[in-house]
Amino acid sequence: MAQLFTPDLNHYVQMATQARLQPLGADYAESLGDIEAANLTPTLTDIERFSREYAEKTLAATKTIQKDASFTMTCLSLNRTVAAMLFMDSDGDKLTQAAVATETKTFTNIKVGRSYNLGKRNVSIISIDDGSVGPINFVLDTHYKLVAETGDIEIIAIPAGATQVEVTFSAAAIDEEDDIAVYGLMAGQGVFGKITFYGINDQGVRYQIEFWNVRITVTGSIPLQGGDDYLQVELNVRVYADGTKPSKYRFAKITELKG
C-alpha cells in the first residue's frame, strides 16, 4: 500500500539522564549517581456520567477529580545522598568522639571466637593481659585480633591460666572534619526535596524535568547482604504539588534542552 505521508524516522529517542536532589531547605543539589531505571506513573481519578437520555446508558461526561503522581528509581550508586534515602535520615550527622588518653576494660566471660567491644573507635592497645599480679599477656594475632576502627577485639586463643582479659587502650579524637557519616534508621519520614533529571542522550530530544516537591522512601526491603551483582537501591518517589508555582507546573516542569 502506498504511503500517504513521509515517514517520520528522525525522532527516535534513547532516554538517558542524570539526576540531582536538592534537599528541602538547601541551596545546593547533589548527584544521585548511576540510576538504572526511573519510571513515572501519573494517576488521574475520574468520575463518569452515563446518560439515560439514550436507549442504552451512554457515556456522556468524564470529570477528573484527583491527580497524583509517583515514580520508582533503581539506584546503583550508594553515595551519601542515596544512603540518606535508603536509611530515611536526611540530617547529615557526622561521627564525633573525644580523645581518650587511657582507659581500661575487663571482660570476665572469655571464650575463643567471641568478640568484645571497647566502647570507643580508632583505638590503640596499650596493654592486654589477664589483670593478675603476675599478668599473663595476650599477644596480637596469637591470642586476639583487633578491629581498631570499631573498637572490637576477637579472642582467637586463650593463654594458659588466663580466666579473663583486661584491656588498656587509648582512642583518637574524631571530629566533623574526619567526615564519617552516621544515620539513624527511619529517623525521618523519608527524604524531602526537589529532584531534577537532566537529559544526556545523544539521540532524540533531551529534557530537563523538575519535580519541585517530592518525598523519597525505600521500596520494600533494605539490602543488608548482597549477591553476586552490584547493590541496587529501590526507591519510591511521591510527587507533591508546589503551590508557589503556576498551576500548570505545580507538579513538575519539563523543558527541552537544545544546547
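Since every read-out is calculated from the coordinates, none of them should be taken as a lab result. Only a predicted model underlies this, so the values are computations on that prediction, with no experimental measurement involved. Neighbour counts run over all protein chains shown; Cβ positions are idealised from the backbone, glycine included.
Name all residues of segment 121-144 having a backbone nitrogen under 17 Å from the label point set 7 Å from the Cα of residue 150 along its Cα→Cβ direction, giving them as ranges.
Of the residues in segment 121-144, 121-124, 144 have backbone N under 17 Å from the label point off residue 150.
Express in nm, to one decimal, how much length is gained between residue 44 and residue 74 on full extension, taking 0.36 nm for each residue of separation and deducting their alpha carbon distance.
Contour length minus the Cα-Cα distance gives 8.4 nm.
Take the chain, connect every pair of alpha-carbon atoms lying under 10 Å apart with a spring to form a Gaussian network, then pick out the residue of 57, 94, 245 with the largest mean-square fluctuation.
Highest fluctuation among the options: 57.
Pick from 234, 176, 210 the residue whose mean-square fluctuation is largest in a GNM of the chain, springs joining Cα atoms under 10 Å.
176
Just one of (i) 1.23; (ii) 0.94; (iii) 1.45 is Rg/Rh (Cα atoms, Kirkwood Rh) as worked out from the coordinates here. Which one is it?
Derived directly from the coordinates: (i).
What number, in percent, do you get for the relative contact order of the chain if the mean sequence gap of Cα pairs under 8 Å and at least 6 apart is divided by its residue count? The partial results should precede the final answer.
Values: 546 pairs, mean separation 61.9, N = 259.
That works out to 24 percent.
Multiply the residue separation of residue 124 and residue 141 by 0.36 nm, subtract the distance between their alpha-carbon atoms, and state the gained length in nm to one decimal. If you can, show how the numbers build up before the last one.
Numbers: separation 17, 0.36 × 17 = 6.12 nm, distance 1.45 nm.
Length gained, residue 124 through residue 141: 4.7 nm.
Considering lysine pairs in the chain that are 8 or more places apart or on different chains, how many have Cα atoms under 22 Å apart?
Close lysine pairs under the 22 Å cut-off: 15.
Near residue 35, within a Cβ-to-Cβ distance under 14 Å, what is the net charge of the other residues, with Lys and Arg +1 and Asp and Glu -1? Don't skip to the end; give the middle numbers.
Values: positive: 20; negative: 30, 34, 36, 234.
Here the count lands on -3.
Multiply the residue gap between residue 104 and residue 187 by 0.36 nm, knock off their C-alpha separation, and tell me the result in nm, one decimal place. Present the calculation step by step, with values, prior to reporting the outcome.
Numbers: separation 83, 0.36 × 83 = 29.88 nm, distance 3.34 nm.
Going from the current span to full extension adds 26.5 nm.
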